[in-house]
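The structure appears below as structure tokens.
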Amino acid sequence: MGIALPSTKEWVERCEQDGEFMLAARHWSGGLQITVEDARLKLPVQDGKPVATDDDTGQLIEFTGSEATWDKVLAAVPERFNNDLMANMMQGQGLERDADPVQFAQYFAAVARAIELLRPPADEGEAMPHDLADEGTFSAPVGRYVMLTLGGVKHRVYYEEAGEGIPILMQHTAGCSGTQWRHLFEMPEITSRFRLIAYDLPYHGKSVPPVEKDWWDEQYLLRGEFLRSVPIQLSKVLGLDRPVFMGCSVGGLMALDLAHKHADEFRSVISLEGALEIPGEMSHNSELWHPQVNNEYKARLMDALMSPTSPKRYRKETGFVYSSGWPPVFLGDLYYYLDEFDLRGVAGEIDTNKVGVHILSAEYDCSGTVELGQEAHEKISGSTFQEMKGMGHFPMSENPQAFKEYLLPVLEKIS
């Protein structure tokens, strides 16, 4: 291999000295094994502690691949789709997994960290200036609640806003909240010209479920008609005049959906990680809402979608926000993302003379890939497209400084 693997003893010592691994491996008896063609490297784990032993410690989670594949996965800065085990498998880049799916989900955070500890140390990046402000400094956004009638039911929806000028409604990703947009509120080069409004979808963040509905009696599934109604009703209640809509992931798909179905309501849409359709099936993600798998799996899974060059502190924050959500909500949002949304046959109907369409896709995103964003751009006449190099699925939260440089030219076109 181009990268020298340590011995089992050395791997055990690295994991023992790593707080992130030790927390994620709690209660685990089993271990991890990587197979590089005919060679094997094993990390036994007993009662949450890595041990250098040949004894049977329980069921192993095994990943197998060629030398060339492992060289890419274990590089100091892996190339796209090789930055994470799940990204590699999602995009068919050469790794194969042999594991009980539930046990894998339970200990994926430990497995992923153990693999990271086989790589050379990486630069963890700098904090944003507003996160290092003096004591007593107030953040820019102001938050409040507003009642919206959605699908005939009253919902108490939370939103935050800052800035003045052209309004921009900002939709978060699946299973998350408007917290993802917090950095944009602190950028005066944006807020001096745009009124930013980030809301939490019902059942997300601070938008608690409605009191008029027995929501606990049925599985939560996000449907397009309900989803699209949220920014439209919020815009009406706030008295906005054809605002801009910007969304990421689920929100990025909805941006194109709104351009197709509600062009008269918005002056422009900005689709982050958008596509005409996302390959995959909701049923293949059942571990996200399994009673034996907690939200830690959801948090760590997000790393598969992010860039290894994004500051670690903000990648971890992105995962933290995911793990704070109501357990069923991420899987339920994937109903729209994977099963319902499909503009492949109608994208050509979008009239960019009525509503501007701007698509930004990140290099490291293994779900809403650059190729899918490019395809959407080619089918929507008059749209704009830009690949965001060195970025992942959550540009506004994982690397806000770099994202700003891609967003500002789009806002300039809109203004």
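The values are calculated or read from the model by the stated rules, or taken from the named source; none is laboratory data. Worth saying up front: this structure is predicted, and the values here are computed from it rather than measured. Quick reminder, even Gly has a Cβ in these numbers, built from the backbone with ideal geometry, and neighbours come from all protein chains shown.
Quick notes on this structure:
- Flag for GLY325 being under 29 Å from GLU126 (Cβ atoms), assigned by TED's automatic domain parsing to the domain that holds CYS248, part of a loop (DSSP other than H, G, I, E, B) and touching a residue at least 12 places away in the same chain (Cβ under 8 Å): yes
- Some residue of segment 30-40 being modelled with pLDDT under 95 and basic (Lys, Arg): yes
- Just one residue in the set GLY152, GLY178, GLY143, GLY136 is out of contact with any helix residue (DSSP H, G or I) (no Cβ under 8 Å at 6 or more places or on another chain) and surrounded by 22 or more Cβ atoms within 10 Å (Cβ to Cβ); that residue is GLY178.
- Among the candidates GLY390, GLY373, residue that is within 24 Å of TRP181 (Cβ to Cβ) and touching a Gly at 6+ places or on another chain (Cβ under 8 Å): GLY373
- Criterion (farther than 17 Å from ILE278 by Cβ and touching a residue at least 60 places away in the same chain (Cβ under 8 Å)) met by exactly one of ILE350, ILE359, ILE380: ILE350
- For segment 357-378, the count of residues that are more than 13 Å from the chain's Cα centre (by Cα), part of a loop (DSSP other than H, G, I, E, B), closer than 21 Å to ALA259 by Cα and assigned by TED's automatic domain parsing to the domain that holds LEU301 is zero.
- Verdict on PRO243 being in contact (Cβ under 8 Å) with a residue 40 or more places away in the chain and out of contact with any helix residue (DSSP H, G or I) (no Cβ under 7 Å at 6 or more places or on another chain): no
- Reported count of residues in segment 221-245, each being part of a loop (DSSP other than H, G, I, E, B), under 13 Å from GLU265 (Cβ atoms) and touching a Phe, Trp or Tyr at 6+ places or on another chain (Cβ under 8 Å), is 2.
- Set ALA304, ALA362: member being crowded, with 20+ Cβ neighbours inside 10 Å and at pLDDT 95 or above: ALA362
- Residues in segment 263-276 that are more than 17 Å from the chain's Cα centre (by Cα) and not in a strand (DSSP E or B): ALA263, ASP264, GLU265, PHE266, ARG267, LEU276.
- Breaking point among (1) surrounded by fewer than 19 Cβ atoms within 10 Å (Cβ to Cβ); (2) of a type in the set (A, V, I, L, M); (3) modelled with pLDDT of 95 or more, for VAL250: (1)
- Unique match (being in the same structural domain as VAL355 (by TED's automatic domain parsing), basic (Lys, Arg), within 25 Å of ALA127 (Cβ to Cβ) and in contact (Cβ under 8 Å) with a residue 12 or more places away in the chain) among ARG182, ARG195, ARG156, ARG144: ARG182
- Which listed residue, of GLU164, GLU212, is part of a loop (DSSP other than H, G, I, E, B), more than 19 Å from the chain's Cα centre (by Cα) and over 24 Å from CYS248 (Cα atoms): GLU212
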